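Working notes for the structure below.
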Amino acid sequence: QVQLVESGGGLVQAGDSLRLSCAASRLTFTGYWMAWFRQAPGKDREFVAAIDLGGGTTYYGDSVKGRFTTSRDNAQNVVYLQMNGLKPEDTAIYSCTVRRAILSRRPEDYGVWGQGTQVTVSS
């Protein structure tokens, strides 16, 4: 069973930065696209970012484009989400997930999720 463990969340002020990490185990890491989603209270899960197998291609949701950057370390089986210029509307639980097939922005296309890490941005 694939395991995903996120870390790095916290309480920050608007304009601050955070870097989230997602450590993956029990999988051939280089065989999977990695993606980040977030879910705010009372809202649907939202696509944040994704990165391809080698880390050379990334995709972002419109609400984070230009502020967030995802990367991966295939030697350490870790994917990162660097979040700059945080806004109160970025407050959510951030989760990582994996997919063998090509990118999807739909959460229902992913089957394995980490437990998530809470990010809270105060104004």
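The values are calculated or read from the model by the stated rules, or taken from the named source; none is laboratory data. Quick caveat, the model's predicted, so the values are computed rather than measured. Please note: Cβ atoms are built from the backbone with ideal geometry, for glycine as well, and neighbour counts cover all protein chains shown. Each accessible area value is taken on the protein alone, full model and side chains, heavy atoms only, with ligands, DNA and RNA left out. Shrake-Rupley method; radii C 1.70, N 1.55, O 1.52, S 1.80 Å.
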> What residue, among those in segment 103-123 that are β-branched (Val, Ile, Thr) and over 17 Å from residue 50 (Cβ atoms), is surrounded by the fewest Cβ atoms within 10 Å (Cβ to Cβ)?
Replying inline: 120
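Output yes when any residue across segment 10-18 is within 13 Å of the chain's Cα centre (by Cα), part of a strand (DSSP E or B) and of a type outside the set (A, V, I, L, M, F, W, C), and no when none is.
No, segment 10-18 has no match at all.
Results for (1) farther than 26 Å from residue 13 by Cα; (2) aliphatic (A, V, I, L, M), shown as yes or no for each residue.
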{"position": "50", "(1), (2)": "no, yes"}
{"position": "53", "(1), (2)": "yes, yes"}
{"position": "57", "(1), (2)": "yes, no"}
{"position": "60", "(1), (2)": "no, no"}
{"position": "64", "(1), (2)": "no, yes"}
{"position": "70", "(1), (2)": "no, no"}
> How about segment 19-30: which of its residues are small (Gly, Ala, Ser) and either closer than 20 Å to residue 61 by Cβ or part of a loop (DSSP other than H, G, I, E, B) (or both)?
Replying inline: 21
> In this structure, is residue 102 of a type in the set (A, V, I, L, M) and closer than 17 Å to residue 118 by Cβ?
Replying inline: no
>> I want to confirm something. Restricting to segment 71-81 and keeping residues that are surrounded by fewer than 22 Cβ atoms within 10 Å (Cβ to Cβ) and under 13 Å from the mean Cα position of the chain (by Cα), which single residue is farthest from residue 2 (Cα to Cα)?
In response: 71
> Wholly within segment 31-70, which strands (runs of 3 or more DSSP E) include no fewer than the required count, namely at least 2 residues that are in contact (Cβ under 8 Å) with a residue 24 or more places away in the chain and open to solvent by less than 40 Å² (accessible area, probe 1.4 Å)?
Replying inline: 33-39, 46-51
> If you check 45, 38, which single one turns out to be basic (Lys, Arg) and within 11 Å of the chain's Cα centre (by Cα)?
Replying inline: 38
> Say we look at segment 73-90 and pick out the residues that are in contact (Cβ under 8 Å) with a residue 40 or more places away in the chain and assigned to a strand (DSSP E or B); which of these is nearest to residue 47 (Cα to Cα)?
Replying inline: 81
> For segment 93-102, what are the residues that are under 14 Å from residue 50 (Cα atoms), part of a strand (DSSP E or B) and either among the small types (Gly, Ala, Ser) or open to solvent by 50 Å² or more (accessible area, probe 1.4 Å) (or both)?
Replying inline: 95, 99
> Which of the residues spanning segment 82-92 are out of contact with any Ser or Thr (no Cβ under 7 Å at 6 or more places or on another chain) and open to solvent by 50 Å² or more (accessible area, probe 1.4 Å)?
Replying inline: 87, 89
